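What follows is a single structure, written as structure tokens, with notes after it.
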Amino acid sequence: QVRVVESGGGLVQPGGSLRLSCAVSKNITSIYQMSWFRQAPGLERELVAASFSSGTTHYLWSVQGRFTIVRDNDKNTVDLQMDNLRPDDTAVYYCNAHEMMVSYWGQGTQVTVSS
């Protein structure tokens, strides 16, 4: 069973920064897609950022220029650097590892942006 564990959430003021980290219990070099999703209360889970095994990345339009996904195949980690945070970024953030027809999810980490 592959384990996915997130860390780094917390409370931050608007305009601040946080870095989330996701550790995976297997080598991620061949994992097709490593992603961060988020889910705010009452809303559906949405894809925030993705890093593909090809090296390409994808971002939700509302976080482009503020968030950066960093994939490290040697450490089997994928981080999400979040800058210039806004209150509407408040959500539980989940890491996902997707390969072939299987997805592995972490337990989620809470990010709250509030003054």
TODO: Work out the charge dipole of the chain with +1 on the Cβ of Lys and Arg and -1 on the Cβ of Asp and Glu about the Cα centre, then indicate which of GLN1, ALA97, VAL63 is farthest towards its positive end.
DONE: GLN1
Open item on the list: Using the Cα centre of the chain as origin and beta-carbon charges of +1 (Lys, Arg) and -1 (Asp, Glu), tell me which of SER25, SER35, SER51 is placed farthest towards the positive end of the dipole.
Closed with: SER25
Task: Net charge dipole size for the stretch 1-71 [Lys, Arg +1 and Asp, Glu -1 on Cβ; Debye, nearest 20] - done: 180 debye
Open item on the list: Counting heavy atoms of the protein chains only and a 1.4 Å probe, report the per residue accessible area for the chain as a whole number of Å².
Closed with: 53 Å²
- [ ] With a cut-off of 20 Å, note down the residues of the stretch 35-57 whose backbone N falls inside the zone around a label point 7 Å from the Cα of LYS26 toward its beta carbon.
- [x] 35-37, 51-55
TODO: Considering only protein heavy atoms, with the full assembly of protein chains and a 1.4 angstrom probe, order ARG66, ARG86 by accessible area, largest first.
DONE: ARG86, ARG66
- [ ] Roll a 1.4 angstrom probe over the protein heavy atoms and tell me the percent of accessible area of the chain that is carbon or sulfur.
- [x] 51 percent
- [ ] Quote to one decimal, in nm, the extra length available between LYS75 and VAL102 on full extension: 0.36 nm per residue of separation minus the C-alpha distance between them.
- [x] 7.6 nm
Task: R0 of 30 Å, Cβ-Cβ distance ARG3-ASP83: FRET efficiency to nearest 0.05 - done: 0.60
Open item on the list: Give the average over all directions of the projected area of the C-alpha convex hull of the stretch 66-110, one decimal, in nm².
Closed with: 4.1 nm²
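The values are calculated or read from the model by the stated rules, or taken from the named source; none is laboratory data. Model, not experiment: these values are computed from the prediction. In this analysis, Cβ positions are derived from the backbone assuming ideal geometry, glycine residues included, and neighbour counts consider all displayed protein chains. The accessibility values were calculated without ligands, DNA or RNA, using every heavy atom of the protein model including side chains. Shrake-Rupley method; radii C 1.70, N 1.55, O 1.52, S 1.80 Å.
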